[in-house]
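In what follows, a single structure is set out as structure tokens and then discussed.
The values are calculated or read from the model by the stated rules, or taken from the named source; none is laboratory data. Because the structure is a prediction, the values reported are computed rather than measured. Neighbour counts run over all protein chains shown; Cβ positions are idealised from the backbone, glycine included. Note: accessible area is taken over every heavy atom of the protein model, side chains too, but ligands, DNA and RNA are not part of it. Shrake-Rupley method; radii C 1.70, N 1.55, O 1.52, S 1.80 Å.
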Amino acid sequence: MLTPKSSSKKFRNRCLAIATTALAISSAAIAAHTRARTPQHDSADAKNSATTTLTDQTDLNVTVYNSNIALVRDVRNLTLPTGSFRLKFEDIAATVNPATVHFRSLTEAGKLSVIEQNYEYDLLDPAKLLHKYVGKEVTLVHTYTDKDGALKNEEIKATLLSDNNGQVWKIGNDIVTGGYAQSYRFPEVPANLYDHPTLLMSLENSGAQKQQVETSYLANSLAWNSDYVLTVNRDDKAADLDGWVTLSNNSGTAFHNARLQLVAGDLNRLPAAAAANGMMADRAVMLKSESRAFQQENFSEYHLYTLGRRTSIENQETKQISLLQGSAVPVEKIFIVNGQNFYYRNYQNPSSPLKDPVMVYYKFRNEEKAGLGMPLPAGSVRVYQKDSKGGVLFVGEDRIDHTPKDEDVTIHIGNAFDVVAERKQTDFKKIATNVYEMEFEITLRNRKDSRITVQCNEPIGGTWEILSSSYKFTKTAAFAAQFQVPVEKNGTAVLKYRVRVTY
């Protein structure tokens with residue numbers, strides 16, 4: 001058996017002799033194949049097949065849902081054979097769901113029908129190309145350095161016997177393994193290997209040859225989400241809101257000059273048999289329009305956003321498009337302290353009060369008079385505010401759900417640094433069977449240079465009645481009371497309340 005590193009003159013002469021014999025046999029076989037395949041055969045195949053690519057495309061509509069799926073409608077002008085033929089439909093999304101493909105003629109409705117369709121996704125790459133040539137002849141190219149130090153290429157014809165965990169070759173009467181060749185040369189690409197995703201359809205045409213056809217299908221790995229930037233004024237009274245659509249395409253194909261629509265809402269989807277996410281996007285395109293780029297309309301139980309111009313979406317691209325702009329939107333800054341049920345006792349430090357975080361929110365209404373009024377798709381809101389020198393700084397972020405017009409939007413940006421809340425239970429008394437009285441004290445200290453109001457939400461179980469309180473309360477739920485406690489700048493306020501509970 002020959003070794004991969006054999007490069008002696010005797011071995012090369014022997015391989016060249018084998019190659020010469022193989023080449024002669026191969027030439028004879030090709031000549032016989034050429035004689036057998038007459039122009040009439042080629043003409044018959046051409047008449048019974050057609051191919052369509054992006055050059056035939058006249059219109060493209062891409063509707064992307066915020067659930068990692070898109071509906072693609074591709075319109076093309078084709079010249080089709082009459083009778084039965086095969087159509088090779090190229091340049092479709094690699095993530096197409098073949099069961100959703102719908103093909104129809106727009107000009108000869110009822111005269112062009114689909115008999116059968118196959119989706120070919122065995123795509124061309126070096127490993128697959130080599131594997132397809134098991135049992136066939138391949139040209140091995142071996143590069144070596146001669147005695148004078150010059151690089152030489154040696155071409156040997158060999159038959160690939162196996163491609164499992166390495167290649168096994170037959171060269172003449174010898175079986176060769178290992179990495180003898182630095183490269184391979186193939187006579188052609190196998191018919192069942194494609195350089196890009198292709199849909200093969202068997203069609204029956206009883207109409208005209210020139211037709212306009214539409215192909216629609218659902219494809220995965222196209223998704224969009226909303227991103228918002230809220231820039232708050234120094235006085236916390238007003239803010240500017242910019243909304244962006246972030247569109248990601250990992251479908252395996254590009255969509256050029258497409259009419260883009262986005263659907264916001266929660267669709268009911270069947271569980272996927274298999275999920276495969278595409279590669280992460282490797283570039284971003286930032287686009288912005290002076291006017292509102294999207295027109296919004298109601299669609300079933302969802303909201304449809306249509307881009308007012310055509311756009312192109314490259315494969316493995318993340319694109320951002322302006323969704324909305326609102327200026328001087330009135331905002332309110334809210335400080336909230338939420339009590340917990342386990343606060344009835346402090347088991348770790350009985351003599352020390354418990355500290356509650358004071359959460360900070362911005363709140364605004366999505367209404368037209370505030371410069372908004374468009375239904376807001378779910379997404380992330382990043383909040384910024386200017387410092388004393390005019391620099392814009394990031395102060396927090398939150399996620400909002402789908403928000404209709406004329407509804408409030410509340411964004412949690414973090415916890416207050418200069419506001420402290422401490423609570424302790426000051427009394428507990430059993431009044432009767434299953435009847436108890438409890439008293440709580442919440443101390444709020446404001447170290448800021450401005451007056452604030454802290455919203456205190458207290459959970460209370462059972463059937464309850466507040467007997468006394470230092471501030472007015474509102475029963476916000478069956479098991480909750482809410483207090484609005486004003487705290488002066490650099491001041492302290494104490495909320496005291498006594499409650500009777502029956503369990």
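At a glance:
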quantity: For region 424-503 versus region 395-415, the gap between their alpha-carbon centres in whole angstrom; calculated: 27 Å
quantity: Placed amide H near residue 331: partners under 5 Å, 5+ positions off or other chain; calculated: 238, 239
quantity: Length gained when the stretch residue 463-residue 380 is fully extended (0.36 nm per residue, less Cα-Cα span); calculated: 25.9 nm
quantity: Where GluC sites (Glu not before Pro) fall in DSSP loop in region 358-416, at most 15 other Cβ within 10 Å; calculated: 367, 407
quantity: Contour minus Cα-Cα distance for residue 455 and residue 387 (0.36 nm per residue); calculated: 21.9 nm
quantity: Amide H contacts under 5 Å for residue 384, placed H, 5+ residues apart; calculated: 230, 231, 232, 395
quantity: Across 363/496; 88/157; 333/369; 363/430; 355/430; 319/389, pairs whose alpha-carbon gap is larger than 30 Å; calculated: 88/157; 363/430; 319/389
quantity: Net length gained if the chain between residue 234 and residue 501 were fully extended (0.36 nm per residue, minus Cα distance); calculated: 91.7 nm
quantity: Heavy-atom accessible area per residue - region 425-503, 1.4 Å, Å²; calculated: 54 Å²
quantity: In Hz, Karplus ³J(HN,Hα) per residue of region 202-213 (6.51, -1.76, 1.60; θ = phi - 60°; x = Gly, Pro); calculated: 8, 10, 10, 10, 10, x, 6, 6, 8, 9, 9, 10
quantity: Per-pair calculated FRET efficiency, R0 = 51 Å: residue 186 and residue 309 via Cβ, rounded to 0.05; calculated: 0.70
quantity: Karplus-derived 3J(HN,Hα), 6.51/-1.76/1.60, for each residue of region 411-417, Hz, glycine and proline x; calculated: 10, 8, 9, x, 10, 6, 7
quantity: Region 449-489 - percent of accessible surface contributed by carbon and sulfur, probe 1.4 Å; calculated: 51 percent
